[in-house]
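*Asks:* Got a structure for you, written out below as structure tokens; questions coming shortly.
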Amino acid sequence: MGGPELESLIQMFARVPGLGPRSARRAVLKLLQNPAGRMLPLAQALVEAARAVRHCALCGNMDSRDPCTICADDKRDHAVICVVETVGDLWALERAHVYNGLYHVLGGSLSALGGTGPDDLNLAPLLDRVGAGDVLEVILALSATVDGASTAHYLVDRLAPSGVRVTRVAQGVPIGGALDVLDDGTLATALRARR
Ligand SMILES: [Zn+2]
């Protein structure tokens, strides 16, 4: 129905996380009702983001600037680094306005079952930054899972020689991946209760 262009567009939308075939069809229909006002601006924004957005070489965040806007911000506390698993976790903390230091995005967690080892994670830039000596505290905000815990243990071991203070956000708080769904108050409590 509707020809190959429409079919392939709906299929692409259906692969977007959070959308399925039904919502893909609904979204495409809605866009088609206003091609100039909705569809072309969306297409242009997709092209521009695909061309411009990169991983920050320092922290692993995604931004059109490198170093990213957060790393380049002089008003933030550059002596504290909060380690998270995903860019989504970073966004959740930023949305909550509970933290004013820098970040480091690992890009996942160690997983014996999933076959993710230290070489698969974005570790070297973190060790470099801490090794440079200006960082006073590293906060681990990793998921409360077996993988999150083993990643935390591994990081504590790797960071120990630097002498930097390593803290962890309150245990039992479902961070990492699920951090997105936490309300701001819970995030603030988790950060304050680090030890
Ligand atoms: Zn950055």
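*Asks:* Please name all residue pairs, on different chains or six or more residues apart, with Cβ atoms under 6 Å, provided the first residue is in the stretch 111-131 and is farther than 15 Å from Cys59 by Cα and the second residue is of a type outside the set (S, T, N, Q) and surrounded by 15 or more Cβ atoms within 10 Å (Cβ to Cβ).
*Replies:* From residues that are farther than 15 Å from Cys59 by Cα, the pairs are Ser111/Asp147; Thr116/Gly108; Thr116/Leu110.
*Asks:* I would also like to ask the following. Does the stretch 76-93 include one or more residues that are part of a helix (DSSP H, G or I), within 30 Å of Lys30 (Cβ to Cβ) and within 14 Å of the ligand (Cβ to nearest atom)?
*Replies:* First, pick out the residues of the stretch 76-93 that are part of a helix (DSSP H, G or I): 87-93.
Still in the running and within 30 Å of Lys30 (Cβ to Cβ): 87-88, 91-92.
Subset that is within 14 Å of the ligand (Cβ to nearest atom): 87, 91.
Within the stretch 76-93 (the criterion being part of a helix (DSSP H, G or I), within 30 Å of Lys30 (Cβ to Cβ) and within 14 Å of the ligand (Cβ to nearest atom)), the answer is yes, since at least one residue qualifies.
*Asks:* Here is a follow-up. For a quick check of your reading of the model, give me the residue pairs whose first member lies in the stretch 74-100 and is polar (S, T, N, Q), whose second is not in a loop (DSSP other than H, G, I, E, B), with beta-carbon atoms closer than 7 Å and at least 6 apart or on different chains.
*Replies:* Pairs that qualify, where the first residue is polar (S, T, N, Q) and the partner is not in a loop (DSSP other than H, G, I, E, B), are Thr86/Val105; Asn100/Asp77.
*Asks:* Among the residues of the stretch 60-69, is there at least one that is within 11 Å of the ligand (Cβ to nearest atom), under 28 Å from Ala24 (Cβ atoms) and touching a His at 6+ places or on another chain (Cβ under 7 Å)? Lay out the reasoning, then the answer.
*Replies:* Pass one, the stretch 60-69, residues within 11 Å of the ligand (Cβ to nearest atom): 60-63, 65-69.
Applying the additional criterion that residues be under 28 Å from Ala24 (Cβ atoms) yields 62.
Those still in the list that are touching a His at 6+ places or on another chain (Cβ under 7 Å) too: 62.
Yes, the conditions are met somewhere in the stretch 60-69.
*Asks:* Does the stretch 41-60 contain any residue that is part of a loop (DSSP other than H, G, I, E, B), open to solvent by less than 40 Å² (accessible area, probe 1.4 Å), out of contact with any helix residue (DSSP H, G or I) (no Cβ under 8 Å at 6 or more places or on another chain) and modelled with pLDDT of 95 or more?
*Replies:* Residues of the stretch 41-60 that are part of a loop (DSSP other than H, G, I, E, B), as a first pass: 53, 56-60.
Checking which are open to solvent by less than 40 Å² (accessible area, probe 1.4 Å) leaves us with 56, 59-60.
Still in the list and also out of contact with any helix residue (DSSP H, G or I) (no Cβ under 8 Å at 6 or more places or on another chain): 56.
Remaining after also requiring modelled with pLDDT of 95 or more: 56.
Yes, there is a match, as at least one residue in the stretch 41-60 is part of a loop (DSSP other than H, G, I, E, B), open to solvent by less than 40 Å² (accessible area, probe 1.4 Å), out of contact with any helix residue (DSSP H, G or I) (no Cβ under 8 Å at 6 or more places or on another chain) and modelled with pLDDT of 95 or more.
*Asks:* Here's something else I'd like to know. Being among the β-branched types (Val, Ile, Thr), over 15 Å from Val156 (Cα atoms) and out of contact with any Gly (no Cβ under 6 Å at 6 or more places or on another chain) is the filter here; which residues of the stretch 76-124 pass it?
*Replies:* Our first condition is that a residue be among the β-branched types (Val, Ile, Thr); within the stretch 76-124, this holds for 80-81, 83-84, 86-87, 98, 105, 116.
Filter once more, so that each one left must be over 15 Å from Val156 (Cα atoms): 80, 86-87, 98, 105, 116.
Thr86, Val87, Val98, listed by residue number.
*Asks:* Could you give every pair whose Cβ atoms fall below 9 Å, whose first residue belongs to the stretch 15-27 and is under 19 Å from Ala43 (Cβ atoms) and in contact (Cβ under 8 Å) with a residue 12 or more places away in the chain, and whose second residue is open to solvent by 60 Å² or more (accessible area, probe 1.4 Å) and in a helix (DSSP H, G or I), counting only separations of at least 6 or pairs across chains?
*Replies:* As it stands, the answer is Ala24/Gln11; Ala24/Met12, since those pairs meet every condition given.
*Asks:* Out of all the residues in the stretch 172-190, is one or more surrounded by 13 or more Cβ atoms within 10 Å (Cβ to Cβ), at pLDDT 95 or above and not in a helix (DSSP H, G or I)? Please lay out each step first, then the result.
*Replies:* Step one: filter the stretch 172-190 for residues surrounded by 13 or more Cβ atoms within 10 Å (Cβ to Cβ), giving 173-180, 182, 184, 186-190.
Then drop every residue that is not at pLDDT 95 or above, which leaves none.
So far as the stretch 172-190 goes, no, none of its residues is surrounded by 13 or more Cβ atoms within 10 Å (Cβ to Cβ), at pLDDT 95 or above and not in a helix (DSSP H, G or I).
*Asks:* For the stretch 117-136, how many residues meet the condition of being under 25 Å from Asp147 (Cα atoms) and not in a helix (DSSP H, G or I)?
*Replies:* So the count comes out to 4.
*Asks:* Of the residues that sit in the stretch 123-145 and are open to solvent by less than 60 Å² (accessible area, probe 1.4 Å) and charged (D, E, K, R), which one is farthest from Thr167 (Cα to Cα)?
*Replies:* Arg129
*Asks:* Condition first: in contact with a helix residue (DSSP H, G or I) (Cβ under 6 Å, 6 or more places away or on another chain) and open to solvent by 20 Å² or more (accessible area, probe 1.4 Å). Now tell me which residues in the stretch 79-105 satisfy that. Write out each step before concluding.
*Replies:* Taking the stretch 79-105 as the starting set, the residues that turn out to be in contact with a helix residue (DSSP H, G or I) (Cβ under 6 Å, 6 or more places away or on another chain) are 84, 88-89, 92, 96, 98-99, 103-105.
Once the filter is applied, which keeps residues that are in contact with a helix residue (DSSP H, G or I) (Cβ under 6 Å, 6 or more places away or on another chain) and open to solvent by 20 Å² or more (accessible area, probe 1.4 Å), the stretch 79-105 yields Gly88, Val98, Tyr99.
The values are calculated or read from the model by the stated rules, or taken from the named source; none is laboratory data. Because the structure is predicted, anything quoted here is derived from the model rather than measured. So basically every Cβ, Gly included, is an ideal-geometry build from the backbone, and we count neighbours across all protein chains shown. Accessible surface areas use protein heavy atoms only, side chains included; no ligands, DNA or RNA. Shrake-Rupley method; radii C 1.70, N 1.55, O 1.52, S 1.80 Å.
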